[in-house]
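The values are calculated or read from the model by the stated rules, or taken from the named source; none is laboratory data. Bear in mind the structure is a predicted one, so any value in this text is a computation, not a measurement. Positions of Cβ are generated from backbone atoms using ideal geometry, with glycine treated the same way; all protein chains shown enter the neighbour counts.
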Amino acid sequence: MTAPGGVEGLSSGPGGTSLVVSGGYDRWVRIWDPAASAPPGEPAVDGEFWVSSIATGQLEGRAVLVSGDERTVRVRDAATGAPLEWLPEGIDVTESITGLVCPGPDRLVVSTHRGLAGIRLAG
């Protein structure tokens, strides 16, 4: 499996599948099938900056992809790749995002060079 420009963020697939999600310097988020060594669908462009971190999780019962770049966190529907509108509570990302993890439904933890921020996602 190769991604143009290199991979910066990597996560297990949504909903406990055997898929893998990647993001990198080419600004694309891709879902890969390791058995086929290829993405099963079209990638989604993520923004104007490279994707530094990626995670999968649940938002209101649906599988989502969460990606981060310079100072922006994006949430996408895992099935369609469509951006979802959401409201972060108590987050001020003023540093480059270095990591993302979804520790439970509707929860996100963002890491930066300054520390961690916990977020409750609301659709």
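Residues that are in a loop (DSSP other than H, G, I, E, B) and at pLDDT below 80 within region 4-27 comprise 4, 5, 6, 13, 17, 18, listed in sequence order. When the residues of region 52-83 are filtered to those that are among the basic types (Lys, Arg) and assigned to a strand (DSSP E or B), the one that is modelled with the highest pLDDT is 62. If you check every pair at least six apart or on different chains, which have Cβ atoms under 8 Å apart with a residue in region 69-84 that is touching a residue at least 60 places away in the same chain (Cβ under 8 Å) and of a type outside the set (D, E, K, R) first and a residue that is part of a loop (DSSP other than H, G, I, E, B) and buried (at least 20 other Cβ atoms within 10 Å of the Cβ) second? Going by the 8 Å Cβ cut-off, there are no qualifying pairs.
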